[in-house]
Amino acid sequence: MIKVNVSGCQSFVKAADYKKYVKKALDAFDVLDGEEGAGNDFLGWKHLPSDVLDPRSVEPTKGYPVPAISEGLLEECEAVCNNWKMKGVDLVVVIGIGGSYLGARCAIEALSHNFAKQLRAKNAPDVVFAGNNLSEEYLADLLDLAAERNTALIVISKSGTTTEPAVAFRVLKEFVEKHYKDASERIVAITDAVKGALKTLATQQGYKTFIVPDNVGGRFSVLTPVGLLPIMVAGFDVRAILEGAAEMEKSLAVKSEDNPAVVYAAMRNLLYSEMGKKVEIMVTYNPKLQYLGEWWKQLYGESEGKDGKGIFPASVNNTADLHSMGQFIQEGERVMFETVINVEKAGRSVVIGSDEQNLDQLNYLAGQHVEHCGAMAQLGTKLAHIDGGVPQLEISIERINERNLGGLFYFFEFACGVSAYTLDVNPFNQPGVEAYKKNMFALLNKPGYEEASKAIQKRLK
Ligand code: PA5
């Protein structure tokens, strides 16, 4: 279903070193498999694909009041879609930040027609995102859009206390309440089963609520209602996403030197630890995959970047970025390697025509598919970057569709667990994210932050 090819790294590493790192990755695989490593109370994602498809077999989370995955979850999501369809909803605002929006955005952008918004040919609502920034202009513009459309909201926060989505939700909730008599039926909350301000608010207001399982961290939550509901609302087949992920879950569970997650984890850790390759660039060659890079950066950045360690995850979308970052990648500081997402088959077909005058001198391409030019640009770049000292990993899927996207989600999550344990860090916490929040709360005079506020004011004098 996916293939990991490390031949573009071979001229950079010694076979014996690769063997050593495969052994390390296999040991890390055992830690993940045995569920005894750091953060092992956040491993609910490992069985999500099969659990969501067949919730009857799900064991309740220890000491937690509700099952991690409710039976009939997908039917409940369908009911929300149908209810909003009956109301004529044509705009759904998904409010969330980090793991509470990137997976859904990645899937919706990957699966949508590039010009769906302009074509207006869809029979599903437009899904837009909010709560992932604190830009006043963005929210004001969004209110303009909401005023023109038939609007509903999905507010997502596992903790239920994150400031960015909370601010956006307060503004948009007020808008919905002002404009619709059935406001509470136009708001769905996705949050913890018991904790957090959002849970309290949703219960009081009687919103339809979905649960983020306690044992699934934000960046691993795309296959919970966090990702599934917005993707379904946008009109895509979430069962196929789950089936693709379940297939991957099954194949990655087998411990072997050829397990694609082991291969990926071993090679990236070898390049990082022995070759000074501190930056990994995810390279995509299709504008629809730009948000795969954004989702992956959060997954790997938050999971591995701690204790003074970690590969810095970056992303480029080619061929556009060959004309911006290409120079640096070819000849700048030699600290990076690339992980290329290779899509073997195009979803559409456009053939370059012949022109009698040939003023643009492109007749040598007449009769070729545009995708062929793209493939040659990709191959040419691979060879040039290897010559320039940039090792290449390649992850191939046959085409962009729900199944393969589900497979990629699960592959990167599982490989992240293996890779972080290879690096000896806890993949499932993010203590560093609190530092900016503490300063922001102090600067905003949030109750409880008086001492921090005084200290920061002194520092700023
Ligand atoms: O991976 C994580 O846990 C984080 O990136 C969260 O997804 C992000 O901070 C949003 O948190 P919450 O869903 O609690 O609002």
### Task
For the pairs LYS199/LYS297; LYS19/LYS382; LYS309/LYS438; LYS24/LYS199, note any where the Cα-Cα span goes beyond 31 Å.
LYS24/LYS199
### Message
Quick check on the exposure proxy: order THR381, THR209 from fewest to most C-beta atoms within 10 angstrom.
### Response
THR209, THR381
### Query
What list do you get for CYS106, CYS9 if you sort them by fewest beta carbons within 10 Å?
CYS9, CYS106
### Task
Could you go through the range 275-287 in sequence order and give the Karplus-derived ³J(HN,Hα) for each residue, using 6.51 cos²θ - 1.76 cosθ + 1.60 with θ = phi - 60°, rounded to whole Hz, and x for Gly and Pro?
10, x, 8, 8, 10, 10, 9, 7, 10, 10, 10, 9, x
### Message
How high is the relative contact order of the chain? Use alpha-carbon pairs under 8 Å, at least six apart in sequence, and give a whole percent.
### Response
24 percent
### Query
What whole number of Å gives the distance from the Cα centroid of the range 340-413 to the Cα centroid of the range 100-131?
23 Å
### Rounded to 5, the percent of DSSP beta bridges in the chain classed as antiparallel
10 percent
### Task
Would you calculate, for the chain, the mean residue ellipticity at 222 nm contributed by helices, counting each DSSP H stretch of 4 or more residues as -39,500 (n - 2.57) and dividing by all residues, to the nearest 500?
-14500 deg cm²/dmol
### Query
Which whole-number percentage describes the relative contact order of the range 33-173, with Cα contacts under 8 Å and a sequence gap of 6 or more?
27 percent
### Query
Using modelled backbone amide H atoms (1.01 Å from N, in-plane), which distant-in-sequence or interchain residues come within less than 5 Å of VAL340's amide H?
VAL283, LEU393, GLU394, ILE395
### Query
With the Cα gyration tensor of the range 277-337 giving a ≥ b ≥ c as the square roots of its eigenvalues, does the rule (a/c under 1.5 for rounded; else a/b larger than b/c for prolate; else oblate) give rounded, prolate or oblate?
oblate
### Message
Rg/Rh for the chain to two decimals, with Rh computed the Kirkwood way over all alpha-carbon pairs.
### Response
0.98
### Query
Among all the aspartates and glutamates, which ones have a C-alpha under 12 Å from LYS277's C-alpha, if same-chain residues fewer than 8 places away are not counted?
GLU333, GLU338
### Vicinal HN-Hα couplings computed from phi for the range 208-221 (Karplus, 6.51 cos²θ - 1.76 cosθ + 1.60; Hz; Gly/Pro x)
4, 10, 10, 9, 8, x, 4, 9, 10, x, x, 6, 9, 9
### Query
Amide H to amide H under 5 Å from ALA314: which residues, 5+ apart in sequence or cross-chain, H placed 1.01 Å off N in plane?
GLU280, ILE281, MET282
### Query
Ordered by residue, what ³J(HN,Hα) values in Hz, to whole numbers, does the range 114-120 give under the Karplus form 6.51 cos²θ - 1.76 cosθ + 1.60, where θ = phi - 60° and Gly and Pro are x?
4, 10, 3, 4, 6, 6, 6
#### Entry: Percentage relative contact order, the range 359-461, counting C-alpha pairs under 8 Å, at least six apart
9 percent
### Task
Mind listing the long-range amide H neighbours of LEU223? Cut-off is under 5 Å, sequence gap 5 or more, other chains count too, H placed in the peptide plane at 1.01 Å from N.
none
### Query
Rounded if a/c is under 1.5, else prolate if a/b beats b/c, else oblate: with a ≥ b ≥ c from the C-alpha gyration tensor eigenvalues square-rooted, which is the range 257-296?
oblate
### Message
At a 10 Å Cβ-Cβ cut-off, how would you order ARG170, ARG56, fewest neighbours first?
### Response
ARG56, ARG170
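Just so you know, all these numbers are worked out from the coordinates, no wet-lab data involved. Everything quoted here is computed from the prediction, not taken from an experiment. Here the Cβ is made from the backbone with ideal geometry for all residues, glycine too, and neighbour counts use every protein chain on show.
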